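Remarks on the structure that follows.
The values are calculated or read from the model by the stated rules, or taken from the named source; none is laboratory data. Only a predicted model underlies this, so the values are computations on that prediction, with no experimental measurement involved. Neighbour counts are summed over all protein chains in view; Cβ atoms, including those assigned to glycine, are modelled from backbone coordinates with ideal geometry. All accessible areas refer to the heavy atoms of the entire protein, side chains included, with ligands and DNA or RNA removed. Shrake-Rupley method; radii C 1.70, N 1.55, O 1.52, S 1.80 Å.
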Amino acid sequence: MELDKKARSIIQEIKGIEEIDVIIWAFIDTKRCSAFPDKKVYGLPNHALEKNIVLRAIHDLGLECKDCAVRAKDWLPYEEFFKEHRGAMDLAMGLYYDIPRCCAETFQERHENRINQLLTVALEEDSKELFEEQEKNSFFDKIIQETVTLISANRLPPGLFLLLGQSYVPRQPHCPKFIEQAKKMSESLVAYLGKERTDEIIKKYGAKVTKIYK
């Protein structure tokens, strides 16, 4: 990957913040929009980095921080995604946060089916038991559990935690587009932060996911 020297210098100035990964992804175009918390001060090991320094760095990289997200400047606002996909909020949100369309569409379809199933169960006798049983077997839990198991067995790359840890669900564990995006996200972090820092970030996301899906 060919590095932009100016961008590398800017990134080095803020490399210690937790959200450095999503900034790099937006800059490299591997994930052009990600959630970005509104923090007043960003903690670093030996000092505090003021928010205005982070926002200036985002601006200097040609990105924008708006609507609790960091994104490429030419990225459409979330209202446009919701307008285009009216009535399909999960699809609109997935596309806004730039995950593979196939995964966003599958999640929307399965979530709609899930809601319909739960509504049907609610009309049945002993609906409380049936409802609780349905809640224990949600489709996304099964997919994430299977994906985590495959990562732990070294049958899928740990870089998938970069997407899983942000609550994105692949349409199936071996989805090529999901895997390819995670690979590019991981490679961009290595290019600008080095392998050790990248491994720390992946480990952080992995711990977040495996804590829930052991």
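Could you calculate the FRET efficiency of D38 with K177 from 1/(1 + (r/R0)^6), where r is the beta carbon distance between them and R0 is 30 Å, rounded to 0.05?
According to the calculation, E is roughly 0.45.
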Q | Using a Förster distance of 45 Å, the FRET efficiency for K5-E112 (Cβ separation, nearest 0.05) | A | 0.40
Q.
Give me, ordered by chain and number, the residues 5 or more places off S34 or on other chains with an amide H under 5 Å from its own placed amide H.
A. V70
**Q.** Inter-label distance for E187 and D29, nm, one decimal - labels placed 7 Å from Cα along Cα-to-Cβ
**A.** 1.4
**Q.** Local electrostatic count at W25 - Lys and Arg +1, Asp and Glu -1, tallied over other residues with Cβ under 9 Å
**A.** 0
Q) Hey, quick one: spin label on D141, modelled 7 Å out along Cα-Cβ, who in the stretch 191-214 has an amide N within reach, i.e. under 17 Å? A) 209-214
Q: List the residues of the stretch 1-40 whose backbone N lies under 15 Å from a point placed 7 Å from the Cα of E200 along the Cα-to-Cβ direction.
A: 12-22
Q | Listed residue pairs exceeding 28 Å between alpha carbons, taken from K73/K142; K5/K208; K40/K204 | A | K73/K142; K5/K208
Q) Which order do K177, K203 take when ranked by solvent-accessible area (1.4 Å probe, heavy atoms of all protein chains), largest first? A) K203, K177
